[in-house]
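Here the structure is laid out as structure tokens; the discussion comes afterwards.
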Amino acid sequence: MDTEDLELSDEEEEITADVVLKTIQNLWQNERLSPEILPHRNDMVECMLGQIQHMERNINKLPKTDLRASIHKMELNRIKYIICNYLKTRLDKIEKYCITIVNDEKQRTESGTNYLTPSEFRYAQEYLLSIEHHLKETILNRVPGNMQAFEINKMAIVPALQSHVFLKANETVNGIVLEDHFGDQDEEIDLEEGSQHILQYKFIADLVKNGKVQLV
Amino acid sequence: MSYLSVTDILVSNEKVPCKFLHDLPKLGFLDPSCTDDDLKAGTSVEIPIWLAESLSSRRPPLVTVDLPKVYKETYREIFSADACTVDLHKLAQYFYELGCYVAKYDIKGEVSTTLVNTFRQRFKMILSASVATDSINALQPLSECERDHTAAAMTTEKALSSWLKRGESLLTTATMVANHRKRKRAEMEML
Amino acid sequence: MDPYEIEFIGENRIASIIPNFSYDKIYLICGEFGPFRAGLPMNVPLWLAVMLKQKQKCRIVPPDWMEIDNLENIKEEEKRSRFFTKMPHEHYMVEAKLILGAASEDIPNASEIKTIIKDIWDIRMSKLRTSMDALMKSGGSYGRLDHLTMMEINSVKPLLPSAMNELLKIQMTSKKSSSATLNSSTFSQSGTSQNL
Amino acid sequence: MFGEKVIELLKESERNRETLSPFNDEKIRQIIEEMHILFKLNMNDANATSENKSLWTTVQVRHSALERNKRCLLAYLYDRINKIKTLRWEFGSVLPPDIRELLSDSEYDWFSKYSTNLATFMRSLGQDIGYSGIDLTENLRPPKSLYIEVLCITDYGKLELEDGDVVMLKKNSRHFLPTSECQTLIRQGILKQIT
């Protein structure tokens, strides 16, 4: 029972299943620990789903009590857990920050740097509409005329990018500026490879996205 | 703070002393001791901070906001002497949150310093309450948000010690399902 | 995250086993393992080692670090040092708990080892509490935490980051407003860092 | 004082963070009624400001109170929305009647919409590569073993397993089942894991 080498797309190099799995594990961990939603990696998820499918077909050919079948099933359960939890974590953020995310995403879609998959985006828009409808029906349409507006900007919940997170540096990055909110006491730190820190997410958000640090 | 936050709404319902700068016809009821229909300029009344904020931010302002006593100098001195001896639950359960609202009416910025230092000093109370064997007593003097931090830390602590003790985590009934079951059982017993 | 999720991540580590059966190589998504030769040591992921052990298909070989003298040294070093010392690896506690839980008969001096590891853990946990308090007192906006393992970092969540967030929120909301009213600032807290 | 009824409403939510209380239709109706009264008073007084200038301040105070009431009502509803979402994830798309009763009609409509939207989303997962979707309400805990021993808490009936076997779930019966096929029943409180 062999895991095939995978092709992501024509231009990209072939990568092996274990690399895809490691990538997904890191994506999952970062998504769990970052306050904002991160750019989707549907390519990786679909690639792994393909692997699972392939593996499941092969397991079915084995006798039920075969030790190998249990081992493969266990591994598949582990991978399914990561994928489900990853997608669910994204869904939770999409719901919580729905107004902000839908707004940001509209702009990102124009520049082709979208963070959501098409079905996540559809989900976010539907979700927002359903909330708006419910609030209007129960409250807004029944209150006095000058109070009826659905004030979308007031209602928006913004991810707390200033919140503190733990990270481990995957490679050395020098000169991270920890801006002091009051301007006069900025501090500069270096993240040496393997070192660990707790600091505000906003200072290292880009490094999470380009893989130079890992949230822990 | 989020528009939809229930906690923030409850915090902003806390009252602060205000002095009205203009007559308010027909709003005499804002002052419980007033028997008149109208509220006269110069009256001092305690009103919720959400209302005080909105009235003091009008141009011209309709009220001046005074600091509640726990943020005044006498108390600030107590806090700076030893913040850990104060029973914040009794004194001001939303000490920090309300403090953030009223700090802007303290032009010297001393309220802000008191809030910051008090939180820093009292952090060790949260730490010890989260591992205390007598958690009821340890929790008692903590303010609402300090209690929330402690409760969260206790949850972590519990999860960790049960992980250290147990082999495997059992799958369990979902929280809401379990709680509604419990509530239903309690209701049945009352009948 | 809860401890079982950290354990889940730690279970990807490679462990050494001696199978009591023979089999061809097995091609998992996370890599290929085997061939299995009865009586010969080989490497598999920790989760698989535990699974095979539960099915009584192998013995688990204790990792090099899981040895009394070595652990005594680590413990002494940890007691002596003001800082956190480097542990055998990122998931030492997960590995210890899983192996000692599932295969204590395969580990010489298992119960002493268990005790020493628990001692080390307790020393580090109490150090961690002291460091958190020091961090909050000294600035509470940045800290460096080398050599803390993922399970240890997880044990201060959400308390430490949320207290730091709370402190920042208090500083920002109470300061922003008063400095808007008055241009001078009496603010004297520095954002100085704290080494854990 | 202004806005006190609505605070009672929110305190009620805050007290029961882990359960959903019945939708308080009556109180909401009263609060909205009050808002209309304040609004009418304001309309009248706004028209009278030419004679009595200080009425303007009164109008402004009432306006703040109206805004406050609106915010509180929306927060009450939004707090419930979050709990209703949890119901979908924990009980599934069909609510037991005693839970269904706690929701207003509009909330129940919202629940159904949420449920449909979620189902559409889950079906779309992996569609491009021939998947029929992924159920995200499963695989919620890190997997530990393939089979677990469970105790049945209520009479449930037949459960057909993927391999075609059928087990009869009767109150107090014990079973050894594939974890992946009984985790949902455990979450719904029908089965209990005992090993």
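Just a few scattered comments:
- Shape of region C:67-174, Cα gyration tensor, a/c cut at 1.5: prolate
- Here the ratio of the Cα radius of gyration of region B:47-163 to 2.2 N^0.38 Å is 1.26.
- Less than 5 angstrom separates the built amide H of A:Leu178 from those of A:Glu187, A:Glu188, A:Ile189, all sequence-distant by 5 or more or on a different chain.
- Solvent-free Debye scattering, log10 I(q)/I(0), computed from the Cα coordinates of region C:1-106 at q = 0.16, 0.17, 0.24 Å⁻¹: -0.76, -0.84, -1.32
- Ranked B:Ser33, A:Ser195, criterion: other C-beta atoms within 10 Å, fewest first: B:Ser33, A:Ser195
- Per-residue Karplus couplings for region B:20-31, computed as 6.51 cos²θ - 1.76 cosθ + 1.60 with θ equal to phi - 60°, are listed in order as 7, 9, 9, 5, 10, x, 6, 10, x, 5, 5, 10 Hz, Gly and Pro entered as x.
- With only Cα atoms counted, chain D has Rg and Dmax values of 25.2, 86 Å.
- From phi via Karplus (6.51, -1.76, 1.60), per-residue ³J(HN,Hα) for region D:116-127 in Hz, x at Gly/Pro: 5, 4, 5, 4, 4, 4, 5, 5, 6, 5, x, 4
- J(HN,Hα) series, region D:15-20, from Karplus relation 6.51 cos²θ - 1.76 cosθ + 1.60, nearest Hz, glycine and proline x: 5, 10, 5, 9, 9, 9
- Between A:Lys202 and D:Glu18, the FRET efficiency from the beta-carbon distance, with R0 = 35 Å, is close to 0.60.
- Close amide H contacts of B:Leu21 (hydrogens built in the peptide plane, cut-off under 5 Å, sequence separation of 5 or more or a different chain): B:Gly42, B:Val63, B:Thr64.
- Kyte-Doolittle mean at least -1.0, axial Cα span of 30 Å or more - DSSP H helices of chain B: B:110-131, B:144-165
- Neighbour-count ranking [beta-carbon atoms within 10 angstrom, fewest first] of D:Met122, C:Met93, D:Met43, A:Met48: D:Met43, D:Met122, A:Met48, C:Met93
- Estimated from helical segments only, the mean residue ellipticity of the protein assembly as shown at 222 nm is -17000 deg cm²/dmol, where each DSSP H run of four or more residues counts as -39500 (n - 2.57).
- Virtual spin-label span in nm between A:Arg108 and B:Thr64, 7 Å along Cα→Cβ: 5.0 nm
- Note on D:Arg100, D:Arg17: ascending count of other Cβ atoms within 10 Å places them as D:Arg17, D:Arg100, the fewest first.
- Computed over region A:17-159, Cα set: Rg, Dmax in Å: 20.4, 70
- Viscosity 1.002 mPa s, temperature 20 °C, Stokes-Einstein D of the protein assembly as shown from Kirkwood C-alpha radius, µm²/s: 72 µm²/s
- Each semi-axis of the equivalent ellipsoid for chain C is √(5λ) with λ an eigenvalue of the Cα gyration tensor; in descending order they amount to 45, 20, 11 Å.
- Rounded to 0.05, the FRET efficiency of the A:Ser119 and D:Tyr108 pair, given R0 = 25 Å and the Cβ-Cβ distance, is 0.50.
Every number in this text was worked out from the coordinates using simple rules, so none of it is lab data. Since the structure is predicted, the reported quantities are computational estimates derived from the model, not experimental observations. Cβ atoms come from the backbone with ideal geometry, glycine included; neighbour counts cover every protein chain shown.
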